[in-house]
Amino acid sequence: SQTIHQWPATLVQPVGSPLSLECTVEGTSNPNLYWYRQAAGRGLQLLFYSVGIGQISSEVPQNLSASRPQDRQFILSSKKLLLSDSGFYLCAWRERESYGYTFGSGTRLTVV
Amino acid sequence: EDQVTQSPEALRLQEGESSSLNCSYTVSGLRGLFWYRQDPGKGPEFLFTLYSAGEEKEKERLKATLTKKESFLHITAPKPEDSATYLCAVRRPGANNLFFGTGTRLTVIP
């Protein structure tokens, strides 16, 4: 069966520090992968998506970047975190056209 | 501009008190409307996909319907375990992603 893993679950980082969040998918190949951010009281905002290894599309210019070094691995990074980067980060993959997304369990990032 | 608006923002129901959540959208050429359930601190969980006006889907106490302008999520005789935030999302033509509304936070009181 297909599963999605996302870690860590919570993270507290100082302003100016680097960030690396990892997401892996099991049980499928060549999935479409997505990074979303959810701020309090706001909808899910698409940050990046990838249709294959090394292929990254950015939806919102910002302090973050994404990479897909392997077929089932998607990484969200930052060189220097800002306070505004705080939020709930969700990785997702699209199993098939009619199913929408399957989401990971999320990472709660607090930048202090 | 494409928009997805969910109402109400929050809803409190007594256990057994049926109600409906609304998701209105302005998307030309809709390629699917999706409902998700999200528990606090967790990722959204897929519920339904609807594609065309008049379509309906059911799962336990939930029933989703779709018109050309909006979708409803009907909750019949809710239980406390139905308490969650319900998210609506649409797929636009040519888009590889889903566009989400801000959700309705449902609380069912025993």
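The values are calculated or read from the model by the stated rules, or taken from the named source; none is laboratory data. Note that the structure is predicted; figures quoted are calculated from it, not measured. Ideal geometry is used to build each Cβ from the backbone, glycine not excepted, and the neighbour counts take in all protein chains shown. The protein model used for the area step is the full one, side chains on, heavy atoms only, and it has no ligands, DNA or RNA in it. Shrake-Rupley method; radii C 1.70, N 1.55, O 1.52, S 1.80 Å.
What the table shows:
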| quantity | calculated |
| --- | --- |
| Residue in the stretch B:5-15 that is assigned to a strand (DSSP E or B), within 10 Å of chain A (Cβ to nearest Cβ) and open to solvent by less than 40 Å² (accessible area, probe 1.4 Å) present | yes |
| All strands (runs of 3 or more DSSP E) inside the stretch B:46-110 with 3 or more residues being within 18 Å of B:Pro8 (Cβ to Cβ), within 12 Å of chain A (Cβ to nearest Cβ) and open to solvent by less than 60 Å² (accessible area, probe 1.4 Å) | B:84-91 |
| Residue within the stretch A:72-91 that is open to solvent by less than 50 Å² (accessible area, probe 1.4 Å), free of Cβ contacts under 8 Å to residues at least 12 places away in the same chain and in contact with a Ser or Thr (Cβ under 9 Å, 6 or more places away or on another chain) present | no |
| Identity of the residue in the stretch B:21-45, assigned to a strand (DSSP E or B) and surrounded by fewer than 15 Cβ atoms within 10 Å (Cβ to Cβ), that ends up farthest from the other protein chains (Cβ to nearest Cβ) | B:Thr26 |
